[in-house]
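Novice: The structure follows.
The values are calculated or read from the model by the stated rules, or taken from the named source; none is laboratory data. Computed from a predicted model, the values in this text were never measured in an experiment. Backbone-built Cβ (ideal geometry, glycine too); neighbour counts: all protein chains shown.
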Amino acid sequence: MRGVPRRSVFDTLKQRGFVSQCSNEEGLRKLLDTEKVTFYIGFDPTAESLHVGHLQQLMFMAHLQRAGHRPIALVGGGTTRIGDPTGRTESRKILPVETIAANAELFRGQIARFLDFTEGRALMLDNAEWLAPLNYIEFLRDIGKHFSVNRMLSFETYKMRLETGLSFIEFNYQILQSYDYLVLYRTHGCRLQMGGDDQWGNIVAGMDLIRRVEGVEAFALTSPLVTRSDGKKMGKTEQGALFLDPAMTGPYEFYQYWVNVPDADVEQFLFRFTFLPVPEIRDLCAVKDQRINDAKRRLAMEITTLVHGEPAARGAAEASRAAFSASDEGTAAGPGALSGVPSIEVPREELVKGIGVVDLFVRSTLCATKSDARRLVSQGGASVGRKNVTDIETVVTESDAENGVILLRAGKKRYFRIIVT
RNA sequence: GGGGAGAUUCCCGAGUGGUCAAAGGGGGCAGACUGUAAAUCUGUUGGCUAAGCCUUCGAAGGUUCAAAUCCUUCUCUCCCCA
């Protein structure tokens with residue numbers, strides 16, 4: 001094991017806010033300090049991209065890997081066919097197998113960026129590999145017999161669902177996840193499963209299974225679910241989740257999300273979503289008032305770099321600065337500065353004739369419908385260039401362009417560029 | 001298998017023949033205040049060629065001048081009994 005840490009990784013994790021529940025803290029700490037441990041986290045490919053919730057788990061893994069341990073990123077191509085009922089009041093829509101396979105492929109591509117997979121330092125597996133070919137009768141005899149329905153019903157997840165309804169397929173989810181853990185123990189010596197707090201029940205069930213079947217102690221470790229101090233769902237934008245795929249959530253939008261985080265959350269996010277050293281984070285967050293914005297910009301820059309790479313992050317930062325200073329101080333920024341701001345191209349001829357503001361805002365995607373655009377304009381939330389526009393009959397023409405670009409603004413912070421071609 | 005309850009707009013949830021594009025709350029958006037923060041207050045929140053018209057109250061039919069509301073069948077969910 002390379003680079004035996006001077007201090008326990010466990011303390012690092014704790015300090016950075018990754019530790020919530022642990023099955024045996026002393027035992028796990030000792031194990032992590034003395035052995036190279038193989039551990040895993042599962043990711044169910046229920047969408048086309050990972051989102052920031054997954055990012056926290058990837059950071060969780062990355063810290064352990066940096067301490068010399070071996071992560072297994074488990075893509076749940078098999079479990080997703082069942083659907084995890086955890087934390088849901090209604091059953092998940094069952095996805096077609098082909099969709100799951102396609103999503104799994106996309107997940108693998110994204111996960112690969114966050115861990116070091118060279119020379120077997122990390123593994124990427126898909127549980128469809130062993131779950132899909134399972135034989136029902138055999139499985140029941142070998143694995144099912146270790147599960148007590150009485151005990152399962154006592155789990156919070158199931159209790160909750162017993163009120164609204166729970167189908168048998170979902171009831172089996174926990175058993176399959178437990179089986180995953182057992183398989184990974186057998187095939188790769190995996191002895192630690194991590195996840196978000198919501199996964200506690202599932203993880204513990206797997207740990208128990210390993211103890212019963214193999215007589216070995218395995219470990220469970222969960223991290224707190226990230227919440228925002230304002231009660232908004234973490235990583236949710238107006239558009240939906242904050243995805244890691246740049247085609248779904250652009251780097252500029254991604255950067256903006258972090259710059260706009262509530263003051264009270266900056267520190268916890270720096271701890272969990274960046275690798276900045278603890279003292280540096282404390283310094284950054286020691287300030288109050290608008291000075292805390294520096295910490296937010298740092299946070300946004302770090303995470304965006306991590307997820308989209310440095311050039312994209314710099315572009316997003318530059319564009320943000322240009323957009324937000326342009327509105328106060330006039331043309332502070334050069335022509336290329338805004339290039340990170342989302343845009344569409346519109347032919348010059350169209351603008352010679354002129355386009356109604358309402359239509360232009362709809363085309364820009366700043367507004368979903370014309371009614372939406374009308375409301376925005378009449379409520380005084382729309383700007384073209386540096387002019388606030390309040391008349392829905394306003395026609396935008398070429399003369400509104402500056403350096404071949406018309407900058408639209410909806411509300412105080414949503415910008416969009418119309419590029420004249 | 002028998003009996004009961006239910007499915008309403010993004011979510012929760014009122015609404016039992018016209019006064020319903022549908023109360024109220026949440027969320028969203030916008031304005032004021034600010035620091036691209038929070039809290040607070042205000043406005044707004046189906047679509048459109050905006051007077052007016054069109055689509056929406058699980059699905060399909062039917063009754064009626066008129067249906068979210070009444071009838072029939074269907075789908076799904078929950079509860080109780082077996």
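Novice: What about A:G309, is it buried (at least 18 other Cβ atoms within 10 Å of the Cβ), among the small types (G, A, S) and under 27 Å from A:T365 (Cα atoms)?
Specialist: Working: buried (at least 18 other Cβ atoms within 10 Å of the Cβ): no; among the small types (G, A, S): yes; under 27 Å from A:T365 (Cα atoms): yes.
No.
Novice: Assuming A:R375 fulfils every condition listed in (1) more than 30 Å from A:R297 (Cα to Cα); (2) in the same structural domain as A:Y255 (by TED's automatic domain parsing) apart from one, which condition is it?
Specialist: (2)
Novice: Just give me the residues in segment A:384-403 being more than 16 Å from RNA strand B (Cβ to nearest atom) and free of Cβ contacts under 8 Å to residues at least 60 places away in the same chain, in sequence order.
Specialist: Of the residues in segment A:384-403, the ones more than 16 Å from RNA strand B (Cβ to nearest atom) are A:396-403.
Once the filter is applied, which keeps residues that are more than 16 Å from RNA strand B (Cβ to nearest atom) and free of Cβ contacts under 8 Å to residues at least 60 places away in the same chain, segment A:384-403 yields A:V396, A:T397, A:E398, A:S399, A:D400, A:A401.
Novice: Looking at segment A:52-77, which of its residues are in a strand (DSSP E or B) and closer than 17 Å to A:Q199 by Cα?
Specialist: The first filter runs over segment A:52-77 and keeps only residues in a strand (DSSP E or B), leaving A:70-75.
Matches in segment A:52-77: A:I72, A:A73, A:L74, A:V75.
Novice: Condition test on A:L299, is it within 16 Å of RNA strand B (Cβ to nearest atom) and at pLDDT 95 or above?
Specialist: Working: within 16 Å of RNA strand B (Cβ to nearest atom): yes; at pLDDT 95 or above: yes.
Taking the combined requirement at face value, the residue satisfies it.
Novice: Let me ask something else about it. Taking segment A:114-146 only, how many residues are over 30 Å from A:V52 (Cα atoms) and either in contact with a helix residue (DSSP H, G or I) (Cβ under 6 Å, 6 or more places away or on another chain) or not assigned by TED's automatic domain parsing to the domain that holds A:G206 (or both)?
Specialist: Residues of segment A:114-146 over 30 Å from A:V52 (Cα atoms): A:133-146.
Next cut, either in contact with a helix residue (DSSP H, G or I) (Cβ under 6 Å, 6 or more places away or on another chain) or not assigned by TED's automatic domain parsing to the domain that holds A:G206 (or both) only: A:143, A:146.
Residues that pass the stated criteria total 2.
Novice: Taking the condition assigned to a strand (DSSP E or B), out of contact with any Cys (no Cβ under 7 Å at 6 or more places or on another chain) and either within 29 Å of A:E318 (Cα to Cα) or not small (G, A, S) (or both), does A:I392 pass? Steps first, answer last, please.
Specialist: Values: assigned to a strand (DSSP E or B): no; out of contact with any Cys (no Cβ under 7 Å at 6 or more places or on another chain): yes; either within 29 Å of A:E318 (Cα to Cα) or not small (G, A, S) (or both): yes.
So A:I392 does not fit the description; no.
Novice: What number of residues within segment A:264-275 satisfy the criterion of being within 19 Å of the chain's Cα centre (by Cα), within 10 Å of RNA strand B (Cβ to nearest atom) and either surrounded by fewer than 20 Cβ atoms within 10 Å (Cβ to Cβ) or without any contact (Cβ under 8 Å) to a residue 24 or more places away in the chain (or both)?
Specialist: Our first condition is that a residue be within 19 Å of the chain's Cα centre (by Cα); within segment A:264-275, this holds for A:265-275.
Cutting the leftovers down to within 10 Å of RNA strand B (Cβ to nearest atom) gives us A:265-266.
Filter once more, keeping what is either surrounded by fewer than 20 Cβ atoms within 10 Å (Cβ to Cβ) or without any contact (Cβ under 8 Å) to a residue 24 or more places away in the chain (or both): A:265.
Counting residues in segment A:264-275 that are within 19 Å of the chain's Cα centre (by Cα), within 10 Å of RNA strand B (Cβ to nearest atom) and either surrounded by fewer than 20 Cβ atoms within 10 Å (Cβ to Cβ) or without any contact (Cβ under 8 Å) to a residue 24 or more places away in the chain (or both) gives 1.
Novice: Can you give me the number of residues within segment A:404-421 that are part of a loop (DSSP other than H, G, I, E, B) and either within 13 Å of RNA strand B (Cβ to nearest atom) or polar (S, T, N, Q) (or both)? So that I can check it myself, show each step before the final result.
Specialist: First, pick out the residues of segment A:404-421 that are part of a loop (DSSP other than H, G, I, E, B): A:404, A:411-413, A:421.
Checking which are either within 13 Å of RNA strand B (Cβ to nearest atom) or polar (S, T, N, Q) (or both) leaves us with A:411-413, A:421.
Residues that pass the stated criteria total 4.
Novice: Still on this structure, I have one more. Need the failing condition index for A:L351 against (1) more than 30 Å from A:H51 (Cα to Cα); (2) within 13 Å of RNA strand B (Cβ to nearest atom); (3) surrounded by 14 or more Cβ atoms within 10 Å (Cβ to Cβ); (4) of a type outside the set (S, T, N, Q), just the number.
Specialist: If we test A:L351 against (1) more than 30 Å from A:H51 (Cα to Cα); (2) within 13 Å of RNA strand B (Cβ to nearest atom); (3) surrounded by 14 or more Cβ atoms within 10 Å (Cβ to Cβ); (4) of a type outside the set (S, T, N, Q), just (2) comes out false.
Novice: Looking at A:L176, A:L166, A:L115, A:L134, which one is in contact (Cβ under 8 Å) with a residue 60 or more places away in the chain and outside any helix (DSSP H, G or I)? Break it down into steps so the answer makes sense when it comes.
Specialist: Values: A:L176 fails: outside any helix (DSSP H, G or I); A:L115 fails: in contact (Cβ under 8 Å) with a residue 60 or more places away in the chain; A:L134 fails: in contact (Cβ under 8 Å) with a residue 60 or more places away in the chain.
Of A:L176, A:L166, A:L115, A:L134, the one residue that is in contact (Cβ under 8 Å) with a residue 60 or more places away in the chain and outside any helix (DSSP H, G or I) is A:L166.
Novice: Can you confirm whether segment A:276-284 contains a residue that is modelled with pLDDT of 90 or more and within 14 Å of RNA strand B (Cβ to nearest atom)?
Specialist: Pass one, segment A:276-284, residues modelled with pLDDT of 90 or more: A:276-284.
Cutting the leftovers down to within 14 Å of RNA strand B (Cβ to nearest atom) gives us A:284.
Yes, some residue in segment A:276-284 is modelled with pLDDT of 90 or more and within 14 Å of RNA strand B (Cβ to nearest atom).
Novice: If I ask for residues that are among the small types (G, A, S) and either away from RNA strand B (no atom under 11 Å from the Cβ) or at pLDDT 95 or above (or both), which ones from segment A:357-370 would you list?
Specialist: Kept after step one, since they are among the small types (G, A, S), are these residues of segment A:357-370: A:364, A:368.
The one that is among the small types (G, A, S) and either away from RNA strand B (no atom under 11 Å from the Cβ) or at pLDDT 95 or above (or both): A:S364.
Novice: Here's something else I'd like to know. When you look at A:Q174, is it modelled with pLDDT under 95 and in the same structural domain as A:Q21 (by TED's automatic domain parsing), yes or no?
Specialist: Working: modelled with pLDDT under 95: yes; in the same structural domain as A:Q21 (by TED's automatic domain parsing): yes.
Criteria met by A:Q174.
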